[in-house]
Amino acid sequence: MEERPPDPNDPYRPHDLPPPTAPLPPEPPPPAPPPTEWAPSFGGPPPPPPSGLDPIPWEQRGLGFFAGFYETLRLLATSPRKAYERVAVTQAIGRPLGFALLVGWPGILAATLWDIALQSQLDEWMPWMRTQNIERSPILEIIFALAAPLWFPVLLFLVAALQHLFLWMVGGARNSFVQTLRVLCYAQISALAGLVPMCGSLLAAIGHLVLQLIGLSAVHRIGMGRALLALLLPLLLCCGCIAILFSMFGAAWLASMKGGG
Amino acid sequence: MSWRRTGSGDLPIALLWLASAVMALACMPLFPLAARVLPPCALHTLTGIPCFACGSSRAVLAMARGDWLGALALNPLASLGIVAGCVGGFVAPGWVALHAPILAVRGSTARWLRIVAWCAIAAQWVYLILVQR
């Protein structure tokens, strides 16, 4: 069948066709070549994040050490979602690991010192938390905390590996393992809560969970529900018992209230 | 599913992996001490049903003694994971230095692999319940 040229007066003429008198649209420019993969290194600048925003201040070239550090702290504390959206998708881990050490080490040290200083009070208030299987050595604990720069990166690597595995298992690992590690590194800002006596470790744990949730959701571009599932899956699988334990304690507490009241 | 050559950018991760493997082996004498501090599995204590990870610390202790088959019987997935993690840590830097290829799994293959992983977890749990670890 012979194809006819489109009739300009045809009422069923598709709208996307240009009018017959209009000049042809100019040819689109050739597509830009794909960006060369940024050579990741410990010192080099990361490429801008995919959303077109500036990289997170800690990874911005030209920003001074203290300015970058302070701005990153402020951004993570006040608008973590924005901060994580600015975490560049690169293979570089040197700067995030450095940040994790800078904020994590004082937190670990402070939490250890508070724990040693308040040990007798804590044992008195929470006798069930007392470790009876092992004799505690404050000196060893302090040495262990001081040596955090040696073991902390390894711990972060192992936790990130487990987290990425579970993220992959729930279909949420849209980016590489390195991005999960970077999220974990920036979430260490919550370790600074260890400076608070008594409840510092608890605050740090809650802050860590919240930051990781936001970070994984932003960096892997997944919903909060999926990120939460990936974070809680190890607990559900390995320590599903904890949920049962809490519910049993809750039931026992309710029963005692009922009996007492 | 696709392959890509490793590059210098992968080296920091490979070195971290190596450090993890070295630290795991260096801390082996401390494992019995650490196992004493670990709380018992609450699910197993309360219900008598082992959880998915039950037997992991005993498997690590068995591996530290050189009882590989015993470790495998105690918790197969944990044992295989730990061995793979340690061996991988020692291989990774050399692999990256040689620019050897690594596999990137995507799409339907990844979906199938996920199903296999979930099945493996379920199978291990059934096994642990059956043998009452």
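The values are calculated or read from the model by the stated rules, or taken from the named source; none is laboratory data. Please read all numbers here as calculations on a predicted model, not as lab measurements. Cβ atoms come from the backbone with ideal geometry, glycine included; neighbour counts cover every protein chain shown. When the accessible area is computed, the model is the full protein with side chains, heavy atoms only, and any ligands, DNA or RNA have been set aside. Shrake-Rupley method; radii C 1.70, N 1.55, O 1.52, S 1.80 Å.
The figures follow:
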read-out	value
Near pairs, Cβ below 7 angstrom, 6+ apart or cross-chain, from region A:146-160 (within 7 Å of chain B (Cβ to nearest Cβ) and β-branched (Val, Ile, Thr)) to any residue that is crowded, with 19+ Cβ neighbours inside 10 Å and part of a helix (DSSP H, G or I)	A:Val154/B:Leu16; A:Val154/B:Ser20
Residue within region B:83-90 that is more than 9 Å from every other protein chain (Cβ to nearest Cβ), outside any helix (DSSP H, G or I), open to solvent by 70 Å² or more (accessible area, probe 1.4 Å) and not small (Gly, Ala, Ser) present	no
Any hit, region B:71-82, residues being in contact with a Cys (Cβ under 8 Å, 6 or more places away or on another chain) and at negative phi	yes
Filter pass, A:Gly200 being surrounded by fewer than 22 Cβ atoms within 10 Å (Cβ to Cβ) and of a type outside the set (A, V, I, L, M)	yes
Any chance B:Ala62 is of a type in the set (A, V, I, L, M) and either out of contact with any Ser or Thr (no Cβ under 9 Å at 6 or more places or on another chain) or open to solvent by less than 60 Å² (accessible area, probe 1.4 Å) (or both)	yes
Verdict on B:Leu33 being open to solvent by less than 80 Å² (accessible area, probe 1.4 Å) and either facing chain A (nearest Cβ under 9 Å) or farther than 24 Å from A:Val89 by Cβ (or both)	yes
So A:Ser190, is it among the polar types (S, T, N, Q), at pLDDT below 95 and closer than 19 Å to A:Ser79 by Cβ	yes
Which listed residue is open to solvent by 50 Å² or more (accessible area, probe 1.4 Å) and not charged (D, E, K, R), from B:Leu69, B:Leu74, B:Leu43, B:Leu16	B:Leu69
Long-range neighbours under 9 Å by Cβ, at least six apart or interchain, first residue of a type in the set (Lys, Arg) within region B:86-107, second open to solvent by 20 Å² or more (accessible area, probe 1.4 Å)	B:Arg106/B:Met1; B:Arg106/B:Ser2
Filter result for the condition that a residue is within 14 Å of chain B (Cβ to nearest Cβ) and of a type in the set (D, E, K, R), over A:Arg226, A:Arg221	A:Arg226
Cβ pairs under 6 Å, 6+ apart, first in region B:1-29 and assigned to a loop (DSSP other than H, G, I, E, B), second among the hydroxyl-bearing types (Ser, Thr, Tyr)	B:Met1/B:Thr109
All positions within region A:175-196 that are surrounded by fewer than 20 Cβ atoms within 10 Å (Cβ to Cβ) and within 10 Å of chain B (Cβ to nearest Cβ)	A:Ser176, A:Phe177
Single match in A:Val87, A:Val103 (criterion: open to solvent by less than 30 Å² (accessible area, probe 1.4 Å), under 16 Å from A:Ala193 (Cβ atoms) and either out of contact with any strand residue (DSSP E or B) (no Cβ under 8 Å at 6 or more places or on another chain) or of a type outside the set (Ser, Thr, Tyr) (or both))	A:Val103
Region A:109-142, residues that are open to solvent by less than 50 Å² (accessible area, probe 1.4 Å) and at pLDDT below 65	A:Ile134
